[in-house]
Amino acid sequence: MENVQNINGDFLCDVRKIIDDARNNAVRSVDFCRVQMYWNIGKRIAEEELKGESRADYGTRLIDDLAKNIEPCYGSGFGRRQLYRALQFYRVYPIVSALRSQLNWAQYKKLISIDDAEKREYYELEAVNNAWTGRELERQVDSLLYERLLKSTDKASLLAMARKERLPENAGDVIKDPMVLEFLGLEKKPAYYETDLESALISHLQEFLMEMGNGFTFVARQKRLLIEDDEFFADLVLYNRLLRCFVVIELKTGKLSHQDLGQLQMYVNYFDRYEKTKDENPTIGILLCTNKNDTLVKITLPEDNKTIMASEYQLYLPTQEQLCKELDEAKEDLRNTIESIDNE
């Protein structure tokens, strides 16, 4: 054990008291007491920094000395790295009333690692709205959920939906492109059967519905559609209670074709005419494929199409660079579309 370092006695006593008080209250609310404990430690460190020397390295030395004093007594949860996080936590959430009792310390650690304030707020709100666990929040951040949704909707609308200031109005508000299905555990190989993909999705239905987005519920697998003497089978049928409509999903393990889009359009028409009620919204069709041609999709479907979508899926988590590149391309396409309309 290292020798105890010289440190302000009142400061050390304050930090010890914060830790001891939080431990005494743990029976009533373990997780939130832990959150408050780290917030109060961060606050106390920030206050001590202001009273200290003006040298640039004073804050670093202060935390190093504090860790050497309390880690031997309280364990690795109070080492140098955690104390830095506590200080960062206080700086990101400087008002204690802003803390949410539904979130635990593991979730806040993930949130404070996000520099963009609006992006952080989105994940914070969605974690509460959907009762995500720490692992689920980490997965959504690492799979770049926020960036993927920004490909089909704007930042203001995305935050408004997370704040519950508005409901989703169209498929683009909730459908991601690409979808990340790494939880299926399928090998990356040149080809596999569509039934393998379908079976894997059903086996991981909870994770799949979470990846689909808010408000989705399972309806049917291989839904039989009888049109006179011909039988057809829709791969997956979901329902979205926010959009108040059926969602028909067709799975393709290869590159999509115009025939695939035509088949999906027929399924959507069937549900609109024979399944949905008058108070429900038009059915949405999603063609989930490994490779899509956006130009082919636009040419095949009507110009005013709002119900048929093609979305790529990936069996591994995308990198930040990959998705940022795709987001930039989507923004450029939008600018070109607006300019062409203005020039008409």
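The values are calculated or read from the model by the stated rules, or taken from the named source; none is laboratory data. Nothing here was measured: the structure is a model prediction, and the numbers come from that model. Note: ideal-geometry Cβ built from the backbone for every residue, glycine included; neighbour counts use all protein chains shown. Heads up: the accessible areas ignore ligands, DNA and RNA and are worked out on the full protein's heavy atoms, side chains in. Shrake-Rupley method; radii C 1.70, N 1.55, O 1.52, S 1.80 Å.
Structure above, values below:
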| item | result |
| --- | --- |
| Conditions (1) open to solvent by 40 Å² or more (accessible area, probe 1.4 Å); (2) part of a helix (DSSP H, G or I); (3) aliphatic (A, V, I, L, M); number of the one not met by Leu242 | (2) |
| Residue within the range 245-267 that is in a loop (DSSP other than H, G, I, E, B) and either acidic (Asp, Glu) or open to solvent by 40 Å² or more (accessible area, probe 1.4 Å) (or both) present | no |
| Which numbered condition Arg221 fails, given (1) at positive phi; (2) modelled with pLDDT of 85 or more; (3) surrounded by fewer than 17 Cβ atoms within 10 Å (Cβ to Cβ) | (1) |
| Top-ranked residue of the range 291-344 - restricted to ones that are in a loop (DSSP other than H, G, I, E, B), buried (at least 17 other Cβ atoms within 10 Å of the Cβ) and within 27 Å of the chain's Cα centre (by Cα), ranked as modelled with the lowest pLDDT | Pro318 |
| Criterion (open to solvent by less than 60 Å² (accessible area, probe 1.4 Å), out of contact with any strand residue (DSSP E or B) (no Cβ under 6 Å at 6 or more places or on another chain) and modelled with pLDDT under 90) met by exactly one of Thr133, Thr153 | Thr153 |
| Helices (runs of 4 or more DSSP H) (entirely within the range 43-112) containing at least 1 residues that are surrounded by 13 or more Cβ atoms within 10 Å (Cβ to Cβ) and at pLDDT below 90 | 58-74 |
| Criterion: surrounded by fewer than 20 Cβ atoms within 10 Å (Cβ to Cβ), at negative phi, free of Cβ contacts under 8 Å to residues at least 60 places away in the same chain and among the acidic types (Asp, Glu) - qualifying residue of Asp235, Asp279 | Asp279 |
